[in-house]
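Reading through the structure tokens given below for one structure.
Read the figures in this text as sums done on the coordinates, not as results from a lab. Predicted model, so just to flag it, every value in this text is computed and none were measured. Glycine gets a Cβ as well: all are built from the backbone with ideal geometry, and neighbour counts include every protein chain shown.
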Ligand code: 1GP
């Protein structure tokens, strides 16, 4: 059941310990901008491109963004959907995710039921992932009707993560919220990592090499950055973060 993209990620992690994924929010870019960000991020050593945002984007625009990235960067494109409207037939894979601390069944399993037939029809590779919103939660927390787990309750995040693993999710994502003032703290990452055996993804508010290094040293297997690629310094910033990741273990 493990598909090409998941195998690629696992092999990369095996070889490099920790890896970096670049998140592009289709609402914030034109297709040429997305392609330029992805090409620069690839040159800096990012392993794949995630495409998704917290609010609505037209499928037509999403398709154009994904196609532009695929054409130029030639890296796997993994959808990071906030709803069924985040599915594009042109991507390689999709984080088939459940927002584990949402109070709304729609974000736990409702959107997934609506989206599953489309994932099959488009032959997208589903990668099961448990998504947990922590800290102040940001836009994703509001849109997903989450009860964000406070940073000082790492054992609660760990309980959510372990439940996700026991339910069969093959990745766990600790989300501090895009543009979070404070990234997920190392104590929370460490506690969660000690509980689970599946790869741990950490994102939200990581802007510097030091923050990336701290997250990886605490146990993050995959670091996701989004906001920092939305400005002109994309290459420098992503290189800096990746140097932090590679110099860590
Ligand atoms: C958001 O975790 C990601 O879903 C990335 O966050 O945009 O703050 O890098 P940033």
(request) Mind ranking 115-126, 218-229 by how tightly packed they are, going by the mean number of other C-beta atoms within 10 angstrom, highest first? (result) 218-229, 115-126
(request) Could you please rank 109, 134, placing first whichever residue has the fewest other Cβ atoms within 10 Å of its Cβ? (result) 109, 134
(request) With a Förster radius of 30 Å, plug the Cβ-Cβ distance of residue 190 and residue 55 into 1/(1 + (r/R0)^6) and report the FRET value to the nearest 0.05. (result) 0.40
(message) Using Cα-Cα distances under 8 Å and only pairs 6 or more residues apart, what relative contact order does segment 122-174 have, in percent?
(response) 50
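Nearest 5 percent is fine: what portion of the DSSP beta bridges confined to the chain is antiparallel?
Working: 1 of 34 bridges.
Counting only bridges with both partners in the chain, antiparallel ones make up about 5 percent.
Assign one of three labels to the chain, namely rounded, prolate or oblate, based on the Cα gyration tensor with a ≥ b ≥ c the square roots of its eigenvalues; rounded applies when a/c is under 1.5, prolate when it is not and a/b is larger than b/c, and oblate otherwise.
On the way: a/c = 1.40, a/b = 1.07, b/c = 1.30.
Rounded.
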(request) Within 10 Å of each residue's Cβ, count the other Cβ atoms and sort 129, 1 from fewest upward. (result) 1, 129
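Please give the FRET efficiency for residue 8 paired with residue 123, using the beta carbon to beta carbon distance and R0 = 25 Å, rounded to the nearest 0.05. Mind dumping the intermediate values first?
Details: r = 17 Å, r/R0 = 0.66.
That pair, residue 8 with residue 123, gives E of 0.90.
Add -39500 (n - 2.57) for each DSSP H run of 4 or more in the chain, then divide by its residues: what number comes out at 222 nm, to the nearest 500 deg cm²/dmol? Don't skip to the answer; put the middle values down first.
On the way: 9 runs with 105 residues, N = 249.
Dividing the helical sum by the residues of the chain leaves -13000 deg cm²/dmol.
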(message) Defining a contact as two alpha carbons under 8 Å apart and six or more residues distant in sequence, what relative contact order in percent does segment 4-246 show?
(response) 19
